Every structure is written in C-alpha cells, then in structure tokens.
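First up is the structure itself, then whatever we jot down about it.
Every read-out reported here was derived from the displayed coordinates using simple, explicitly stated rules and does not represent laboratory data. Small disclaimer: the values here were computed from a predicted structure and weren't measured. When we count neighbours, we look across all protein chains shown, and the Cβ atoms used for this are built from the backbone with ideal geometry, even at glycine.
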Amino acid sequence: MTTALFEVGQRVRIADRTPPAHHRVPGYAKGQVGFIERVCGLHGDPEKFIRGDGKPPRRIYRVRIPQAELWQAYSGATGDQLEIEIFEHWLELAE
Amino acid sequence: MTGHDHDHSRTFQPDHAEPHSDGARVGLALRELLIEAGHYTPEEEQAVIAAMQHASPQDGGRIAARAWSDPDYKARLLANGAAAIRELGYEIEPYEFTVMENDASTHNVIVCTLCSCYPRSLLGMSPAWYKSASYRARVVREPRAVLAEFGVELGDDVNVRVHDSTAELRYMVLPQRPDNTEGWSEEKLADLVTRDALIGTQRILPTD
C-alpha cells in the first residue's frame, strides 16, 4: 500500500481538466475546493482502463464541499453539503 | 439472435424480440465477442443476474435493524460497511461499502451523477427514477426540492448531505429508528425499512 498523500480535514482543490479518456469527475466538481472527509482504498485508475489494466491503482478520497460554494444562488441551508469520491491524482492542497 | 446457434445464444433472454437501437446492437455484439473470447461464460453471466435478482432492499432492512438493536454493530457498520455487512452473511461486490447515518440534524441522500452506480449486490435492481437524467442532475443542485417531491420536507435545522457515488464506493443510508419501537424484534424492525429510505428519498418510516 502506498502512503496516502492527503489526510482527513485537509483542504483540497479538484483539478479542472478534461483528459481524452473516460474519467470519473463530473463537470460540476472540477475546480472546486473541499475538505477530505475520508481516506479510502486503492482502486484501478479509470483513465487507464481504455488501453490497459487500470494500473497503477490510485487512492480514492471522499471530498466534502459546502453546497453554497458549489452552486450560485443555492437556496438550501448553509450547512448543506455534497460529498464526492475523487482519485488522488485529481487533488492538490488548497490555500 | 437469428441464425446464431452458439450455445450462449440459448441462455440469452432478450427484453425485446429485436434490438431496438444501435446501442442495443452494439451491446449484443460486444456480449457475443466477450463470451467467444473466453472472458466469461454464459453460465457465469446467468449466475450474476440471478444473484442480483435475489438481492433486495429487505437485506438492507435487516442490516439497519441490527444496527438499531446493537450499538457495537452500528459502530462497525459505520466504520467499515463492507466488513460489517459480510459479518451478517451477505455476499457483496468487492467495493468499499459506506453507510451514512441519518440523525436529527442530518439527512443523507445518494445519487450517481455520472451513470447510475447503485449497490445492486445488496439492494437489488435500482428504481427507474434513480437512473433518470432528471434525478441525477437535480438532486445534487437542488436536493431539497427533489426530496420534497418524494414527500421529504426538511427544516433548516436539518442539513442535507448529498453523496455522489462517482467511483468505486457504494452507499446505503441508515435511516433513523422510528419512535415508539422500543423492545421490537429485529425482524419486526427490518420490515419497517423501505428501499427509498435506504437511498435517502424517504426520511420517516411509518410504524402502523
């Protein structure tokens, strides 16, 4: 097991890019900043399955983003949140 | 499968007499190629379909009832869902399984915006609305409006937490145990739990 780059509670930014391959980051989450909610396991890299076997595997994190930061004019409660699974190579530490 | 007499044709039960879209034709051709290339056998395919059809939200209900009845089990379930679910004898796919607990100040709801990921191996086939473009697009952006359409009215003292199941984890909501169920058997408690409550589009479980 490789060591996890990020830990619970760290503030991270999700990359805003669109590789020419199947990837598992929906458009609304690209470029967004959130907190690591949970460090998960290593899984096959979806971008490496189209030609290959998904290796090397990548670690998944659950990232928690306040809904009010995600959507303009969000109408729900200020405590509403969204949590999403993001592979490690899509994350960087945010200021 | 006209004019095609390989063995695996006989195990295939089409939903329609003829493929009705280009996508369906491509899907059928791909299936044939995968079987002919030896990636899996028709029998293995049948076994997977049978297992999925055997799974049902009742299994989720039993897991919730155990968690309500046994605080130690609940702690294990919330910490490592897959291990705790296998503890009860369920065979689930090798995904990480994450159980999200509702409480007085939190309501969880599950979606897969990218496709329609769903814990089929535990809860069986997903409802049609879960796969609809409308649910997938709207529940992340306006969860309270979507939940209200399902009859879930939430005050501002309850935070909504939407879980987008975009990769390799699978989710189940642990609903709140209904009031006035002290002393109920796990079997009786399990019967209260609905599929929608396990997805998060229902919050209150009626007891009558």
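Couple of notes before you dig in:
- Build a GNM of chain A with springs between Cα atoms under 10 Å apart, and of A:E85, A:E47, A:E37 the one that fluctuates most is A:E47.
- Stretchable slack from B:E142 to B:W129, in nm (0.36 nm times residue separation minus alpha-carbon distance): 3.1 nm
- Computed from backbone phi, the HN-Hα couplings of segment A:75-86 come to 9, x, 6, 5, x, 5, 9, 10, 10, 9, 8, 10 Hz, rounded to whole numbers (Karplus: 6.51 cos²θ - 1.76 cosθ + 1.60, θ = phi - 60°; Gly and Pro given as x).
- Among B:V139, B:V99, B:V48, residue whose mean-square fluctuation peaks in a GNM of chain B (springs only between Cα atoms under 10 Å): B:V48
- Residue with peak Gaussian network fluctuation, chain B [Cα springs, cutoff 10 Å], from B:Q176, B:Q58, B:Q46: B:Q46
- Label-point gap, in nm, between A:V33 and B:V48 - each point 7 angstrom along Cα→Cβ: 4.2 nm
- Charge dipole (Cα centre; +1 on Lys/Arg Cβ, -1 on Asp/Glu Cβ; no other charges) of chain A amounts to roughly 280 debye.
- As a ratio to 2.2 N^0.38 Å, the alpha-carbon radius of gyration for the protein assembly as shown is 1.08.
- Amide H contacts of B:L169: none lie under 5 Å away among residues 5 or more positions distant or on a separate chain (H built 1.01 Å from N in the peptide plane; Pro and chain starts excluded).
- For segment A:11-93, the Cα-based Rg and Dmax, in that order, read 13.7, 44 Å.
- Beta bridges per DSSP with both ends in chain B, % antiparallel, nearest 5: 10 percent
- By the rule of a second cysteine Cβ within less than 4.7 angstrom, chain B holds isolated cysteines at B:C115.
- Projected label distance in nm at B:T106 and A:A73, using a 7 Å step from Cα toward the beta-carbon: 3.1 nm
- Between segment A:5-27 and segment B:130-183, the alpha-carbon center distance in angstrom: 24 Å
- Pairwise inverse Cα distances across chain B, averaged and inverted, put the Kirkwood hydrodynamic radius at 19.0 Å.
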